[in-house]
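Just below is one structure, and these are the notes that go with it.
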Amino acid sequence: MEQRDPLDYDALVIGAGISGLYQLYRLRELGLRVRVLEAGSGVGGTWYWNRYPGARFDSESYSYGYSFSQELLDEWSWSEHFAPQPETLRYLNYVADKFDLRRDITFHSRVGAAHYREDSGQWDVTVEHGSRYRARFLITAIGPLSAPTLPRIEGVETFQGSSFHTARWPHEPVGFAGKRVAVIGTGATGVQTIQEVAKTVGHLTVFQRTPNWCAPLHNGPIDAETQRRIKAGYPEMFARCRETFACFLHTPDPRGTFEVAPQEREAFFEKLYAERGFGIWQGNFRDILTDRAANAAVSDFVARKIRQRVKDQAVAEKLIPKNHGFGTRRVPLETKYYEAYNQPNVRLVDITETPIERITPKGLKTSDAEYEFDIIIYATGFDAITGSFDRIDMRGLGGQKLKDKWANGPQTFLGVKVEGFPNMFMLMGPHTALGNIPRSIEYNVDWVTGLIRYMQEHKLSRADARPEAVAAWTDHVKALGEGLLSNEVNSWMTGINTNVEGKQTRIIARYSGSAPAYRARCDAVAANGYRELVLA
Ligand code: NA7
């Protein structure tokens with residue numbers, strides 16, 4: 001590889017998604033020379049890559065946008081309660097243009113390596129095509145769900161039709177009319193894809209390994225009067241998002257499931273099932289995600305709904321999860337997903353009964369049949385949370401590799417700092433509060449910006465985490481995860497990905513306390529002069 005002189009900056013940000021764009025905006029305010037390195041050809045991150053049919057928000061659009069600019073809030077009007085991906089991508093492009101962010105972003109630049117140089121106290125960052133950059137601060141804005149994984153099934157590369165991972169969807173439209181289509185995977189992405197493809201497809205076969213508990217999205221257009229109310233109510237709405245458990249508009253009901261009479265309980269579940277968005281997951285009785293009997297009650301309610309909506313009861317039973325309770329994995333929100341299986345041209349194949357043996361040039365072969373397809377869609381998910389870090393050769397003090405350091409699970413301070421990786425700050429890294437992600441991102445970015453400002457003001461050039469602070473935070477995150485039913489289940493949230501070597505053991509990868517508690521802890525660290533960090 002040609003060795004060039006590295007380009008010098010004060011800060012490098014990896015990724016031009018929601019967090020990278022906002023971090024750039026804030027660091028510019030500090031007067032820093034910043035460069036954002038972005039793998040794609042445009043801004044948007046998740047919303048740039050995930051162009052699959054039916055991709056859209058599951059959080060209310062207005063609660064998902066940036067809150068930092070009143071002008072932006074006034075100017076931008078969301079068209080639907082849950083905006084489709086093209087609209088969100090337009091929004092993020094609008095933000096990039098409005099704040100003139102593009103001039104500090106280099107596209108087509110996938111970072112392959114980031115090494116800390118002790119002699120210069122700088123990060124040396126290499127892009128896969130060879131360009132090198134150098135900066136005092138390195139900020140990872142690489143997303144918790146950005147490293148897509150294909151299934152480890154023999155023959156994937158031999159298929160002669162079109163095949164796509166949902167997170168690597170082509171920029172040109174893909175038509176399904178008259179086509180024989182397969183979808184592998186029934187997570188939040190698979191569900192959105194299936195219900196959309198089913199509208200126009202010739203014939204659709206869904207290969208399901210684990211069914212998920214889905215609930216209705218209840219999307220709809222935003223009319224002029226509602227639009228006016230949304231815009232007038234932004235301050236209160238963002239204040240509410242700051243108070244709720246996970247920054248959504250919904251927050252747990254203070255009552256326990258069995259503190260209310262059976263009839264009232266049923267009526268409450270009905271109400272939630274008829275509401276927009278994550279209410280049934282995030283706004284349910286306080287104990288549904290910790291108490292087995294409470295969880296069984298809501299699971300039973302949703303199972304009955306599935307049986308009512310799916311005509312063929314054998315198919316309905318296959319769609320009802322048996323190995324985990326409602327809400328213990330991410331709840332996919334759907335629009336007529338279950339009804340798709342009532343169509344004569346949609347078929348569900350349970351691959352726990354008849355496993356996929358191989359992908360063939362013409363389609364795929366299960367243990368009992370051969371299928372021919374024109375298109376195979378892999379909705380098989382991501383090497384989540386730590387996967388995007390694993391894909392970069394990151395080395396800290398003494399050349400230590402981050403991947404080795406995290407071999408038994410991530411260890412962080414506040415999910416932002418890793419000991420031995422000075423001046424590297426993670427946005428939406430492991431051990432942070434995810435929830436309604438843009439809300440968490442804005443907080444995370446502001447906190448990192450505050451720390452860098454503090455360093456500027458105190459003429460400090462290096463920040464590292466104290467090992468005891470990392471140990472305490474990591475223990476705290478683990479303790480918070482105890483008793484949560486979701487931590488007894490395999491999912492991307494517990495770090496499981498059957499398609500990635502070494503990701504078969506559950507880890508505690510997410511902070512599962514409340515967002516207000518997370519912010520209170522971070523605020524206290526800042527207010528006390530960052531004593532948990534070694535500042536030099
Ligand atoms: P998920 O939720 O990880 O779902 C991936 C799906 O793909 C899931 O149904 C998997 O089954 C299935 N899968 C994965 N590998 C295979 C193989 N090898 N064979 C068959 N089926 C497979 O990813 P999504 O993209 O849907 O959603 C990720 C998050 O993005 C989502 O939660 C939102 O927050 C946004 P499994 O359940 O592992 O049996």
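The values are calculated or read from the model by the stated rules, or taken from the named source; none is laboratory data. Not measured: the values here are computed from a predicted model. Note: ideal-geometry Cβ built from the backbone for every residue, glycine included; neighbour counts use all protein chains shown. Just the protein is used for accessible areas: all its heavy atoms, side chains included, with ligands, DNA and RNA removed. Shrake-Rupley method; radii C 1.70, N 1.55, O 1.52, S 1.80 Å.
Taking 19 Å as the straight-line reach from the Cα of LYS401, the aspartates and glutamates in range (excluding those fewer than 8 positions away in the same chain) are GLU118, ASP119, ASP124, GLU128, ASP383, ASP390, ASP393, GLU419, ASP464, GLU501.
Output the peptides 384-393, 185-194, 439-448 sorted from most to least packed, where packing is the average of other Cβ atoms within 10 Å over each peptide's residues.
Working: 384-393: 20.7, 185-194: 24.8, 439-448: 22.8.
The packing order, highest mean first, is 185-194, 439-448, 384-393.
In summary, the range 244-326 shows an alpha-carbon radius of gyration equal to 1.12 times the 2.2 N^0.38 Å reference for compact globular proteins.
Beyond a 30 Å Cα-Cα separation, which of these cross-linked pairs lie in this structure: LYS305/LYS365; LYS199/LYS318; LYS322/LYS478; LYS336/LYS403; LYS305/LYS362; LYS322/LYS503?
Details: LYS305/LYS365 33 Å; LYS199/LYS318 22 Å; LYS322/LYS478 27 Å; LYS336/LYS403 42 Å; LYS305/LYS362 37 Å; LYS322/LYS503 23 Å.
Long pairs (Cα-Cα over 30 Å): LYS305/LYS365; LYS336/LYS403; LYS305/LYS362.
Electrostatic bookkeeping for ARG391 treats Lys and Arg as +1 and Asp and Glu as -1; over the other residues with beta carbon under 10 Å from its beta carbon, the sum is -1. Here the chain is assigned +1 on the Cβ of each Lys and Arg and -1 on the Cβ of each Asp and Glu. Its dipole about the Cα centre then comes out at about 180 debye. Post the alpha-carbon centroid distance, the range 292-349 to the range 69-103, in whole angstrom. About 35 Å separates the Cα centre of the range 292-349 from the one of the range 69-103. Size descriptors for the range 17-158: radius of gyration and Dmax over Cα atoms are 17.3, 53 Å.
Shown is the FRET efficiency for ASP368 and ALA177, computed with R0 = 35 Å from the Cβ-Cβ distance and rounded to the nearest 0.05: 0.75.
Once you compute Rg and the Kirkwood Rh from C-alpha atoms, what is the Rg to Rh ratio for the range 307-420?
Numbers: Rg = 21.0 Å, Rh = 18.7 Å.
Using Cα coordinates only, the ratio equals 1.13.
Applied to the range 370-386, the Karplus parametrisation 6.51 cos²θ - 1.76 cosθ + 1.60 on θ = phi - 60° returns per-residue 3J(HN,Hα) values of 10, 10, 10, 9, 8, 9, 10, 10, 9, 9, 9, x, 9, 7, 7, 6, 9 Hz, with x for Gly and Pro.
When the chain is fully extended, how far beyond the present Cα-Cα distance does GLU128 get from ASP97, taking 0.36 nm per residue of separation?
Numbers: separation 31, 0.36 × 31 = 11.16 nm, distance 2.68 nm.
Extra length available between GLU128 and ASP97 comes to 8.5 nm.
For LYS98, the solvent-accessible surface with a 1.4 Å probe is about 60 Å², rounded to the nearest 10.
Surface composition of the chain: carbon and sulfur atoms hold 50% of the protein heavy-atom accessible area at a 1.4 Å probe. Dividing the Cα radius of gyration of the range 136-203 by 2.2 N^0.38 Å, with N the residue count, gives 1.41.
Probe of 1.4 angstrom, ligands and nucleic acids ignored: what's the accessible area per residue over the chain, in square angstrom? Spell out each step's value before the answer.
Details: 21720 Å² over 536 residues.
Ligands and nucleic acids excluded, the figure is 41 Å² per residue.
Highest mean packing first, where packing is the average number of other Cβ atoms within 10 Å per residue, the peptides 413-425, 483-495, 9-21, 153-165 line up as 9-21, 413-425, 483-495, 153-165. The loop-placed trypsin sites (Lys or Arg not before Pro) in the range 149-183, going by DSSP, that have at most 15 neighbouring Cβ atoms within 10 Å of their Cβ come out as ARG152.
Counting pairwise Cα distances across the range 388-536, what percent come out greater than 26 angstrom?
Details: 2679 of 11026 pairs.
Tail of the P(r) past 26 Å holds 24 percent of the pairs.
Relative contact order (percent) for the chain, with alpha-carbon contacts under 8 angstrom and 6 or more residues of separation?
Numbers: 1054 pairs, mean separation 104.3, N = 536.
The value is 19 percent.
When the alpha carbon coordinates of the range 460-535 are projected onto the principal axes, the ranges are 44, 27, 17 Å, largest first.
Computed from the mean reciprocal separation of all distinct C-alpha pairs, what Kirkwood hydrodynamic radius does the range 174-321 have, in Å? Numbers along the way, then the final one.
Working: mean 1/r = 0.0559 Å⁻¹.
Result for the range 174-321 stands at 17.9 Å.
Helical runs (DSSP H, four residues minimum) scored at -39500 (n - 2.57) apiece and divided by the length of the chain put the mean residue ellipticity at 222 nm at -9000 deg cm²/dmol. Between the range 176-200 and the range 386-458, the C-alpha centres lie 36 angstrom from each other.
May I ask for the equivalent-ellipsoid semi-axes of the range 128-259, computed as the square root of five times each C-alpha gyration tensor eigenvalue and listed largest first in whole Å? It would help to have the intermediate numbers written out before the result.
Working: eigenvalues 245, 146, 74 Å².
They are 35, 27, 19 Å, listed from largest to smallest.
Dimensions of the range 1-79 along the principal axes, based on C-alpha atoms and rounded to the nearest Å, stand at 48, 33, 16, largest first.
Could you work out the Rg to Rh ratio of the range 184-252, with Rh taken as the Kirkwood radius (inverse of the mean 1/r over all Cα pairs)? List each step's numbers first, then the result.
Working: Rg = 17.6 Å, Rh = 15.5 Å.
Rounded to two decimals, Rg over Rh is 1.14.
log10 I(q)/I(0), Debye, Cα-only the chain, no solvent, q = 0.06, 0.09 Å⁻¹? The Cα Debye sum returns log10 ratios of -0.29, -0.68. When the GluC sites (Glu not before Pro) in the range 443-482 are filtered for DSSP coil states and for at most 11 other beta-carbon atoms within 10 Å of their beta-carbon, the remaining sites are GLU482. Of the peptides 86-92, 203-209, the order by per-residue mean of other Cβ atoms within 10 Å, starting with the highest, comes out as 203-209, 86-92.
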